[in-house]
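Just below is one structure, and these are the notes that go with it.
The values are calculated or read from the model by the stated rules, or taken from the named source; none is laboratory data. Just so we're clear, the structure is a prediction, and the values are computed from it rather than from any experiment. Positions of Cβ are generated from backbone atoms using ideal geometry, with glycine treated the same way; all protein chains shown enter the neighbour counts.
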Amino acid sequence: MAIDYERHEIDPRTGFAVDKESGHIVGLMSAPPPRVAPEIKYPTWVVAHESQIVRRKVEGSPDHVSTPGYTDFHVNRADGVVTVLVKDEEDEKRATSEYKAPGKPDLPAADVETLREVHSDVEQAKREEADALNAKIKRDQEALERDEAERRIKANAGLSAEEREAAERLAADERARAATIANH
């Protein structure tokens, strides 16, 4: 913007041309207007923790700066401070804290004795679970055998001696046929 001496004058303090009416420096953007809703805090720019920033030295030029976790970032050329655009309070906490690799929980290192105790407890739990399963299988099998015995007793109670002999022969023939089939 060109200086118009009817509307502008030189500020003796700064040496810049300023508008006579508003006092704003000519050619520079004025400060942004106040927010319409001042209670809204996000998105906002925050200074990123140094561990969130990747700097690559390049001979004869400024450092190449990137922020892997944030696509929107700004580097102040005067002092090198890097700011990132965050969308909410949780994002701000993440940006201003030290970088932590994903999937690695912060657990204290366990000593050998603790690891042995944990291993022993897990093995004991597996054994108890297997014993309980075996006991259930045994109870189920006993109940099945008891039910089948009762069924056979009831079935045989009404038969005469000759009929029982015929039923036993049929059962023996059936077992022999099943054994022959199984052997072939």
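Quick notes on this structure:
- Test: residue in the range 94-101 that is of a type in the set (V, I, T) and either touching a residue at least 12 places away in the same chain (Cβ under 8 Å) or surrounded by 11 or more Cβ atoms within 10 Å (Cβ to Cβ) (or both): yes
- Answer from G27, G80, G23 - the residue that is surrounded by 11 or more Cβ atoms within 10 Å (Cβ to Cβ) and modelled with pLDDT of 80 or more: G80
- Given (1) part of a loop (DSSP other than H, G, I, E, B); (2) loosely packed, with under 11 Cβ neighbours inside 10 Å; (3) more than 21 Å from the chain's Cα centre (by Cα), number of the condition Y42 does not satisfy: (2)
- Residue match in the range 10-17 (condition: touching a strand residue (DSSP E or B) at 6+ places or on another chain (Cβ under 8 Å), loosely packed, with under 14 Cβ neighbours inside 10 Å and part of a strand (DSSP E or B)): yes
- Filter result for the condition that a residue is modelled with pLDDT under 90 and among the β-branched types (V, I, T), over T96, T114: T114
- Selection count, the range 123-157, where residues are at pLDDT 85 or above and among the basic types (K, R): 6
- Some residue of the range 158-172 being modelled with pLDDT of 85 or more, in a helix (DSSP H, G or I) and touching a strand residue (DSSP E or B) at 6+ places or on another chain (Cβ under 9 Å): no
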